[in-house]
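The values are calculated or read from the model by the stated rules, or taken from the named source; none is laboratory data. What you see is a predicted model, and the numbers here were worked out from it, not measured in a lab. Backbone-built Cβ (ideal geometry, glycine too); neighbour counts: all protein chains shown.
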Amino acid sequence: MPQILKVCADNSENEVIRNAAAIVSRGGVIAYPTETIYGLGADASNEQAIRRIFEIKGRNFSNPISVIIGGPEDLRPLVRAIPKAAQKLMDAFWPGPLTIVFEAGGCISPLLTANTGRIGIRLSGHDTARRIARAAGKPLTATSANLSGSPECATANQVIAQLGDRLDAIVDSGNTSGTEGSTIIDATTEQPVILRTGGISREEIIKKTGIHVF
């Protein structure tokens, strides 16, 4: 069974964050909560750890994996440029359930981009997710904590039921909203394109940014 890192009377949130970040920093894989569902977290600069994510999920290497950053200042080293549309989206919806696809910087593993040269990046609206990434000092992989093709998990117990002892630890901070994952929008094109509708609707994007996305 994975180690359960739960915020309780004997285990403060700061201690949980430190322990989770330490596991990630030494190449481990954790499950952690976001504002939508539980995600699988590994050091996104560690190729061996990234490969473990694919093995744990039974995921095809042709599918990219997005990342979560600890703060806005962590974005620039990961991307080649920040288009004006992307900046508007960030200003309107970060932190929150919006993954923005950028042209990947040279430090990004092709395993994350599926050799497309593009990387999805998100500043999560869940404080725990951001704090783990910040404490680890690395972007955190952000794929859903489930077997590929199986239902996404809204609780730590659901993660255990699907992934069992494949993980090093689970950060249990209670139930997530259980809603579908983040909305994914590609900002590398002249007109941004919604690749997946999730926690933020097309109508919200248009209303808050004036960007007419496809």
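Would you point out which residue out of T99, T116 is closer than 29 Å to I206 by Cβ and part of a loop (DSSP other than H, G, I, E, B)?
Going through T99, T116 in turn, the sole match is T116.
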Can you report the number of residues in region 32-56 which are more than 11 Å from S173 (Cβ to Cβ) and in a strand (DSSP E or B)? 4
So T99 passes all but one of these: (1) in contact (Cβ under 8 Å) with a residue 40 or more places away in the chain; (2) on the phi > 0 side of the Ramachandran plot. Which condition number does it fail? (2)
When you scan region 145-168, do you find a residue that is touching a helix residue (DSSP H, G or I) at 6+ places or on another chain (Cβ under 7 Å) and of a type in the set (V, I, T), even just one? no
Number of the exception - A81 against (1) in contact with a helix residue (DSSP H, G or I) (Cβ under 9 Å, 6 or more places away or on another chain); (2) of a type in the set (A, V, I, L, M); (3) part of a loop (DSSP other than H, G, I, E, B): (1)
Looking at G120, G71, which one is at pLDDT 95 or above, buried (at least 22 other Cβ atoms within 10 Å of the Cβ) and under 25 Å from A169 (Cβ atoms)? G120
Anything in region 171-214 that is touching a Leu at 6+ places or on another chain (Cβ under 7 Å), part of a strand (DSSP E or B) and either modelled with pLDDT under 90 or not acidic (D, E) (or both)? List them, or say none. V171, T183, I184, I185
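Results for (1) charged (D, E, K, R); (2) in contact (Cβ under 8 Å) with a residue 60 or more places away in the chain; (3) surrounded by fewer than 22 Cβ atoms within 10 Å (Cβ to Cβ), shown as yes or no for each residue.
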residue: M90; (1), (2), (3): no, no, yes
residue: I132; (1), (2), (3): no, yes, no
residue: A135; (1), (2), (3): no, yes, yes
residue: T141; (1), (2), (3): no, yes, no
residue: C153; (1), (2), (3): no, yes, no
residue: S173; (1), (2), (3): no, yes, yes
residue: V193; (1), (2), (3): no, no, yes
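Residue-by-condition table, conditions (1) out of contact with any Gly (no Cβ under 7 Å at 6 or more places or on another chain); (2) of a type in the set (S, T, Y):
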{"site": "I17", "(1), (2)": "yes, no"}
{"site": "I30", "(1), (2)": "no, no"}
{"site": "T36", "(1), (2)": "no, yes"}
{"site": "A49", "(1), (2)": "no, no"}
{"site": "I53", "(1), (2)": "yes, no"}
{"site": "S62", "(1), (2)": "yes, yes"}
{"site": "I69", "(1), (2)": "yes, no"}
{"site": "P72", "(1), (2)": "yes, no"}
